[in-house]
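For reference, the structure is listed below as structure tokens.
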Amino acid sequence: MRAAVQAVRRLRPARVVVAVPVGARETCEALRAIADEVVCPHQLEEIAVVGQAYDSFDPLDEWYVAGLLAGR
């Protein structure tokens, strides 16, 4: 995310907003230093994997994701 913010900053946008559904509190705070706004409604003190914040976080088949990206 840090690299994405830095890349977008080079385009000189009016604002940079980072929005993620879940993240480590420390990471969200670090991103606040480089983004204009950080939206992260579910912040955890410690996070090993994102899936720990969800009731169901089953892996997706690559063909399913390719179909979504293709608009099917």
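For the stretch 18-67, name all the residues that are under 23 Å from Val5 (Cα atoms), in contact with a Leu (Cβ under 8 Å, 6 or more places away or on another chain) and touching a residue at least 24 places away in the same chain (Cβ under 8 Å). Hits for the stretch 18-67 are Val22, Gly23. The set of residues from the stretch 2-25 being of a type outside the set (Lys, Arg) and at pLDDT below 95 comprises Val20, Pro21, Val22, Gly23, Ala24.
The values are calculated or read from the model by the stated rules, or taken from the named source; none is laboratory data. Here the structure is a predicted model, which is why all the values come from computation and not from measurement. Don't worry about glycine lacking a Cβ; one is built from the backbone with ideal geometry, like all the others, and counts go over all protein chains shown.
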